Amino acid sequence: MFMACQGNLIFARYLKIRHLGFMVLIALLSDWGTKDHYVGMVKGKILTKIPESDIIDISHEIPPFNLNNAAFVLRHCYRQFPEKTIFIVDITSEATIEMPHVVVEYAGSYFIGADNGIFSLAFDEDPDSITEIDIYQDTHTFTFAAFDLFVKVAQHIVEGKEISLLGPKRDRLAERIQLKPVAEPDLIKGHVTYVDNYENVFTNIDQELFLRIGQKRSFRILFGASRYSVRQISQSYKDVSEGEIVALFSSSGFLQIAVSMGNASGLLGLKVNDMIRVEFG
């Protein structure tokens, strides 16, 4: 029965793409959680207004109001989506004069959300365009932008209407300060940027910087107020015995600290913004 249902879904998607000539993909990222009604409300409205769409849940478990966490998740997944994907990003999304709602065109896709710094954290380059959203929303309340406004904007895009009809252009995105690693001839000082569901610890030290400063020299990675150290980069979590600390570069290219079959953040006492040092020589 399961296989038959899966086959029907795949065939239905094939017919949809063949009929339209393209796939309408809408990706959701939020801090709503999943125990309340918010996800269902927004998905229901999308399917009512844009019945040809496929909806992808990136995550709804972002810690409430945590823009840095949301930017990390968005940054590490948006390039894996097809061009013309519409991303609805609802984190701290009540509009203000300083942080209006915007549509950002970047990397061939559309990003709808509040200009609260999340997009400047997630993107490496300037976007192709930024448009302030200045249209009437569907309700008279102002507490649920994704439901009240962002779905309407997504529908506008899917219908092929000009983005310029949504509102005026903006010159730049609001910026948030992001911690950058500090590199010296024999040292890199970085920070923890993210802790995933397995309590693996991600840093802001990327592989390119590590190799450029390291120049194939011996090294040690210090963390937990220098109580712990690692002297090698592994290829997988299984390269060490269960319960041992392992350092490796994640699929996104950033240095990661983990415990094989364990919880690095809890066991090592590591949290976001803690310092990570790499000493060479």
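Here, each number is a calculation from the coordinates, and none is a lab measurement. Owing to the predicted nature of the structure, the values given are computational and were not obtained by experimental measurement. Note: ideal-geometry Cβ built from the backbone for every residue, glycine included; neighbour counts use all protein chains shown.
For a test of understanding, tell me how many lysine pairs in region 138-281 have Cα atoms under 20 Å apart, given they are 8 or more places apart or on different chains. Kindly include the intermediate steps, with their values, before the conclusion.
Details: 152/161; 152/169; 161/169; 180/189; 180/271; 189/216; 189/271.
Lysine pairs, 8 or more places apart or on different chains, close enough: 7.
Compute the FRET efficiency between residue 34 and residue 80 as 1/(1 + (r/R0)^6), taking r as their Cβ-Cβ distance and R0 = 22 Å, and round to the nearest 0.05.
Working: r = 22 Å, r/R0 = 1.00.
Efficiency at R0 = 22 Å is approximately 0.50.
Per residue of region 232-245, what does 6.51 cos²θ - 1.76 cosθ + 1.60 with θ = phi - 60° give for ³J(HN,Hα)? Whole Hz please, x for Gly and Pro, Karplus curve as stated.
For region 232-245, the Karplus curve yields 8, 9, 9, 9, 8, 5, 7, 5, 10, 6, 4, x, 8, 6 Hz.
How far is it, in nm, from the label point at residue 57 to the one at residue 235 when both lie 7 Å from their Cα along the line to the Cβ?
Computed distance between label sites residue 57 and residue 235 equals 3.6 nm.
Restricting to the chain, compute how many DSSP beta bridges are antiparallel as a %, nearest 5. Let's see the in-between values first.
Working: 37 of 52 bridges.
Around 70 percent antiparallel, to the nearest 5.
For region 2-166, what does the relative contact order come out to in percent, with C-alpha contacts under 8 Å and a separation of six or more? Can you show the working numbers first?
Values: 249 pairs, mean separation 34.7, N = 165.
It rounds to 21 percent for region 2-166.
List every DSSP H helix in the chain whose Cα atoms extend 20 Å or more along the helix's own long axis and whose mean Kyte-Doolittle hydropathy is at least -1.0.
Span-like helices, by this rule, are 2-20.
Quick check: residue separation of residue 164 and residue 216 times 0.36 nm, minus the Cα distance between them. What number comes out in nm? List each step's numbers first, then the result.
Values: separation 52, 0.36 × 52 = 18.72 nm, distance 5.12 nm.
Extending this stretch completely gives an extra 13.6 nm.
Residue by residue, what Karplus-based ³J(HN,Hα) values in Hz, rounded to whole numbers, does region 96-108 have, using 6.51, -1.76 and 1.60 with θ = phi - 60° and x for Gly and Pro?
9, 4, 7, 10, x, 6, 9, 10, 10, 9, 7, 6, x
Sum -39500 (n - 2.57) across every DSSP H segment of at least 4 residues in the chain, then divide by the residue count to get the 222 nm mean residue ellipticity, nearest 500. Don't skip to the answer; put the middle values down first.
On the way: 7 runs with 66 residues, N = 281.
After summing the helix terms and dividing by residue count, I get -6500 deg cm²/dmol.
Based on other C-beta atoms within 10 Å, arrange 59, 236, 53, 93 from fewest to most. Intermediate values should be presented prior to the final figure.
Numbers: 59 17, 236 9, 53 20, 93 23.
Sorted ascending by nearby Cβ count, the order is 236, 59, 53, 93.
Report, ordered by chain and residue number, the aspartates and glutamates lying within cross-link reach of residue 35, taken as a straight Cα distance under 18 Å and ignoring same-chain residues fewer than 8 apart.
Leaving aside aspartates and glutamates fewer than 8 places away in the same chain, those within reach of residue 35 are 57, 61, 90.
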